[in-house]
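The structure appears below as structure tokens.
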Amino acid sequence: MKRKHPALIKIGHKIRELRKSKGFSQESFADEVGLDRTYMGGIERGERNIAAINIVRIAKALKVEVGELFPSVRTLSTN
């Protein structure tokens, strides 16, 4: 199995945390963003390398700035 990149895991966890805090189910959020629920699940688990346009759509649906979805590079391993 392919190893998940730590940045993708952190981004996914942040998206899940924000989604839940806004009261969205994964399915309703995927509909809001215009993505498939299974794809959204892959993002939240850090299994997907998200296209920039999808990051923008996710941030817009969450009503946050794009940068709020990204971890500090200081917290990431160098792999």
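The values are calculated or read from the model by the stated rules, or taken from the named source; none is laboratory data. Model, not experiment: these values are computed from the prediction. Cβ sites come from the backbone with ideal geometry, for glycine too, and all protein chains shown count toward neighbours. Please note that ligands, DNA and RNA were not included when accessible areas were found on the heavy atoms of the full protein model with its side chains. Shrake-Rupley method; radii C 1.70, N 1.55, O 1.52, S 1.80 Å.
Which percent of the accessible area of the chain is formed by carbon and sulfur heavy atoms (probe 1.4 angstrom)?
Numbers: 2670 of 5220 Å².
Percent of accessible area from carbon and sulfur atoms in the chain: 51.
So for the chain, if I pair up every lysine 8 or more residues apart or on another chain, how many of those pairs have alpha-carbons under 22 Å apart?
Within the chain, the lysine pair count is 14.
Let me spell out the model: positive unit charges on the Cβ of Lys and Arg, negative unit charges on the Cβ of Asp and Glu, origin at the Cα centre of the range 7-79. What dipole size does that give, in debye rounded to 20? If you can, show how the numbers build up before the last one.
Values: 13 positive and 9 negative charges, 40 e Å.
Here the size comes out at about 200 debye.
State the percent of C-alpha pairs, over all pairs in the chain, separated by a distance greater than 19 angstrom. Show your work: numbers first, answer last.
Working: 884 of 3081 pairs.
Counting every Cα pair in the chain, those more than 19 Å apart make up 29 percent.
Name the most mobile residue of Ala61, Ala51, Ala30, meaning the one with the largest mean-square fluctuation, in a Gaussian network model of the chain with Cα contacts below 10 Å.
Highest fluctuation of the listed residues: Ala51.
Nearest 500 deg cm²/dmol is fine: what mean residue ellipticity at 222 nm does the chain get from its DSSP H runs of n ≥ 4 alone, each adding -39,500 (n - 2.57), divided by its residue count? Before the final figure, lay out each step's value.
Numbers: 4 runs with 43 residues, N = 79.
It comes out at -16500 deg cm²/dmol, rounded to the nearest 500.
Measuring with a 1.4 Å probe in the full set of protein chains, what accessible area per residue, in whole Å², belongs to the chain? Show your work: numbers first, answer last.
Values: 5220 Å² over 79 residues.
I get 66 Å² per residue for the chain.
Report, to the nearest 10°, how far helix 52-62 tilts away from the longest principal axis of the Cα atoms in the chain, using its own Cα long axis and a range of 0 to 90°.
Taking Cα atoms only, the helix is inclined about 50 degrees.
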